[in-house]
Amino acid sequence: MPTLSRSAALITLLGLCVTGRAADWELSLDTRAVTSDAGRSFMDGGLGTTRFDRKDSGIQLGQARFAVTASLGELWSAHFDASAWDDKDRSPVGVTEAYLQFRPYPRAGYRFRLKAGAFYPPVSLENRAAGWESPYTLSYSAINTWLGVEVRTIGLEGQLDWLGTRSGHDFDLGLTAGAFGWNEGAGVVLASDGFMLHDRQTPVFGRVGPPGVGVLPFQQFDGRAGVYAGVEGRWLDRVVLRVLRYDNRADPTQMDTVSGAIAWNTRFDSAGLRIESGTGWTAILQWLDGETSIAPPGLQLEWPFRAQFALLSKRFGRQTLSARYDRFEVDTNIPEGDGWQIGHAWTAAWMFDADAHWRLALEWLRVRSYSYYRAEQGGPPLATETQLQFAVRYAFGSGVR
Amino acid sequence: MRPPTRPHRISCASPGVAGALALLALAGAGPLWAATLVINVQTPDGHGLAGAVITVRPLDAPPRRPAPVHAVMDQVSRAFAPDLLVIPVGSTVSFPNSDSVSHQIYSFSAAKRFQLPLYRGKPYPPVQFDQTGVITLGCNIHDDMLAYLLVTDAPYFGRTDAQGAWSAEVPRGRYQVSIWHPRLRENQTDLERELTVGDADRADLQLRLLKSLQPAPITDRPHSWDY
């Protein structure tokens, strides 16, 4: 829905006018040299598990991104993140995040923060760089790829932290709770394509897949808000542990009379652990377990899903070497097995931040998966797909230094 | 630090940390009324602890407060510079912000609660610190920024050098010595000692910590990453 883009842009412009001095912006262009033997990409309606398929080998636009953060007075700020990918989107530029944040000063050891708008719920420990990018690999883990495709908080989130490390303790503790709408489509990609590994975030109110057959994860027609709640613990600046329960509370019997879309009731538990050393090592573990279901008249169709990954990374000055192992599975209660998928993936990546502006990256990704739908389309259910990417990114702006 | 001549024990009023304390007095040249007090702080593995804060208060003489100073704690590349200041009570500190980004400095420590927005090109008056104690500083925009101010009424204070040593010329008499470091795990009461600077021209206090320090904050992580 372009309304949100317009309002976010308006808010940002307003912020720039009001404060003048306190806005940081960033523009980046990421181009890729790709070679891939993967099956048809999900962006073309295929069942490939990577972003680029065998027809995409060659030079591709990774992402063109514009982001701005502006202070609105002392306690409020506005954040706006938009990208273009040049691949059959609903609009040439899509907004991935746009929100206002209220950030009062901590008091008596406690800090409260409130976000309103469209943003990611606090699940990923991997997508910690600007623009919800991963600083470790080009392609995100299966868990975080799915979040980037189908999950966004379009609503409110409150966070309360106890800042123990600011009062002589080793620990910080945090509680998060969110309420959101426009989520009835979340789950449809998981049940139809299964898990994938790529960096193609769906813009807010955007479409996944080609015009006509693509799906819309961000829809609202059942009148029910989704909720999530989570806790976070930190040990100094070395260890982060996050647990979150998410339920979009969609009514699976509801259908949108205009588009014919059905509401997907999606709920999951997630947990993540990130450990960093003072010598440049980072280890990340994430776990996801949930279920999505629909209930058209006379039916109750369920797709339980689970995924895990382990990532190990080492920074050598301006270079980072990372390796990740992903496991994922989508099950179903449909006897024929519609939507069933199981697989695993290995990712190895080298990133080189030459300076604040230039970044080079090389990534090798191999995904091996069984899929019911591949067999249904007449092919072998098992596929081993390999994608090699070399990326050059140039970023500039007042926020790049 | 090894004594060059025959060691002579002066006093040790607080033997709390077993085996961690050795007091040594040495012969040497110097004014008759004063002696050199040398303090050495070591980590459990025997290395000198750099940057430890030493405060020394006379126990016999009437308290003499140090004169207030004006200090500067800058903000450079999204970090406090320096990240620890020891100042006499009543001193003022400016936070000039040399970064092109804004900061919002805060403290909720009992010795001084304050909030300070630091925007580009908008200097803010210095902050006065009227109570003794440790003040932890953070930034409300950049969660990984962390610094400390130690406000003291001790007439002698300073920080250990790279070898873990600190020294001062002090009049002869009884003193209370306190040691502090932001990453210490020891109870603060275990890090306080009474000692007498007697007839010798030099008094040494050596303290070896029993607990290892907290790991130092990670400083080479890109600031744009989520903390």
_Selected residue (criterion: farthest from A:R245 (Cα to Cα)) from residues of the range A:258-273 that are touching a residue at least 24 places away in the same chain (Cβ under 8 Å) and of a type in the set (G, A, S)_ = A:S259
*Is it the case that some residue within the range B:45-58 is assigned to a loop (DSSP other than H, G, I, E, B), within 30 Å of B:P126 (Cβ to Cβ) and at pLDDT below 95?*
no
*Residues located in the range A:99-122, provided they are within 12 Å of another protein chain (Cβ to nearest Cβ), part of a loop (DSSP other than H, G, I, E, B) and touching a Leu at 6+ places or on another chain (Cβ under 9 Å)*: A:R103, A:P104, A:Y105, A:P106, A:G109, A:Y120, A:P122
*Answer with yes or no whether A:G158 is surrounded by fewer than 20 Cβ atoms within 10 Å (Cβ to Cβ), away from every other protein chain (no Cβ under 14 Å), touching a strand residue (DSSP E or B) at 6+ places or on another chain (Cβ under 9 Å) and touching a residue at least 24 places away in the same chain (Cβ under 8 Å).*
yes
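Matching residues to (1) part of a loop (DSSP other than H, G, I, E, B); (2) closer than 24 Å to A:P252 by Cβ:
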residue: A:G174; (1), (2): no, no
residue: A:D222; (1), (2): yes, yes
residue: A:A229; (1), (2): no, yes
residue: A:E232; (1), (2): no, no
_Condition met for A:G209 (on the phi > 0 side of the Ramachandran plot, in contact (Cβ under 8 Å) with a residue 40 or more places away in the chain and out of contact with any His (no Cβ under 7 Å at 6 or more places or on another chain))_ = yes
*In the range A:23-58, which residues are away from chain B (no Cβ under 14 Å), of a type in the set (S, T, N, Q) and more than 18 Å from A:W346 (Cβ to Cβ)?*
A:T31, A:S41, A:S57
*Using beta carbons and a limit of 7 Å, which pairs, at least six apart or on different chains, have the first residue in the range A:321-340 and under 17 Å from A:L47 (Cβ atoms) and the second one charged (D, E, K, R) and crowded, with 16+ Cβ neighbours inside 10 Å?*
A:E329/A:R306; A:T332/A:E302; A:W340/A:D331
*For the range A:222-274, enumerate the residues that are in contact with a Pro (Cβ under 9 Å, 6 or more places away or on another chain) and within 14 Å of chain B (Cβ to nearest Cβ).*
A:E232, A:L236, A:D237, A:R238, A:R242
*Just for the range B:130-183: of the residues that are under 13 Å from B:D83 (Cα atoms) and of a type in the set (S, T, Y), which one is farthest from the chain's Cα centre (by Cα)?*
B:T136
*Could you say whether any residue in the range A:322-334 is surrounded by fewer than 15 Cβ atoms within 10 Å (Cβ to Cβ), hydroxyl-bearing (S, T, Y) and within 14 Å of chain B (Cβ to nearest Cβ)?*
no
*Test A:G343 against the criterion of being modelled with pLDDT under 95, over 25 Å from A:G278 (Cα atoms), touching a strand residue (DSSP E or B) at 6+ places or on another chain (Cβ under 9 Å) and small (G, A, S), and give yes or no.*
no
*the range B:203-226 residues that are more than 7 Å from every other protein chain (Cβ to nearest Cβ), paired with ones that are in a loop (DSSP other than H, G, I, E, B) and among the polar types (S, T, N, Q) (beta carbon under 7 Å, 6 or more apart)*: B:L209/B:T43; B:S212/B:T43; B:L213/B:T43
*Among the candidates A:D247, A:D269, A:D237, single out the residue that is modelled with pLDDT under 95 and of a type in the set (D, E).*
A:D237
_Criterion: away from chain A (no Cβ under 14 Å) and touching a Leu at 6+ places or on another chain (Cβ under 9 Å) - qualifying residue of B:V134, B:V177_ = B:V177
*Residues satisfying the stated conditions in the range A:123-168, i.e. assigned to a strand (DSSP E or B) and of a type in the set (G, A, S)*: A:A129, A:G155, A:G158
*Tell me, which strands (runs of 3 or more DSSP E) wholly within the range B:65-153 include 2 or more residues that are within 25 Å of A:T69 (Cβ to Cβ), in the same structural domain as B:P182 (by TED's automatic domain parsing) and at pLDDT 95 or above?*
none
*Has the range A:201-210 got at least one residue that is surrounded by fewer than 18 Cβ atoms within 10 Å (Cβ to Cβ), under 24 Å from A:E376 (Cα atoms), more than 14 Å from chain B (Cβ to nearest Cβ) and within 21 Å of the chain's Cα centre (by Cα)?*
yes
_Positions within the range B:183-227 being surrounded by fewer than 16 Cβ atoms within 10 Å (Cβ to Cβ), more than 19 Å from A:G164 (Cα to Cα) and either of a type outside the set (V, I, T) or in contact with a Phe, Trp or Tyr (Cβ under 8 Å, 6 or more places away or on another chain) (or both), in sequence order_ = B:E194, B:G198, B:D199, B:L210, B:K211, B:S212, B:D220, B:P222, B:H223, B:W225
_Residue, nearest to the chain's Cα centre (by Cα), within the range B:49-103, restricted to residues that are surrounded by 13 or more Cβ atoms within 10 Å (Cβ to Cβ), of a type in the set (A, V, I, L, M) and within 14 Å of another protein chain (Cβ to nearest Cβ)_ = B:A79
*Flag if A:D199 is within 24 Å of A:A98 (Cα to Cα), acidic (D, E) and modelled with pLDDT of 95 or more*: yes
*For the range A:339-396, enumerate the residues that are in contact with a Phe, Trp or Tyr (Cβ under 7 Å, 6 or more places away or on another chain), more than 26 Å from A:S83 (Cβ to Cβ) and not in a strand (DSSP E or B).*
A:G339, A:W340, A:Y372, A:P381
*Return a yes/no flag: does the range A:239-252 have any residue that is small (G, A, S) and within 30 Å of A:P381 (Cβ to Cβ).*
yes
*asked:* Here is a check on your reading of the model: is A:A186 within 14 Å of chain B (Cβ to nearest Cβ) and modelled with pLDDT under 95?
replied: no
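The values are calculated or read from the model by the stated rules, or taken from the named source; none is laboratory data. Remember, it's a predicted structure, so these values are computed and weren't measured experimentally. FYI the Cβ positions are ideal-geometry reconstructions off the backbone, even for glycines, and counts take in every protein chain you see.
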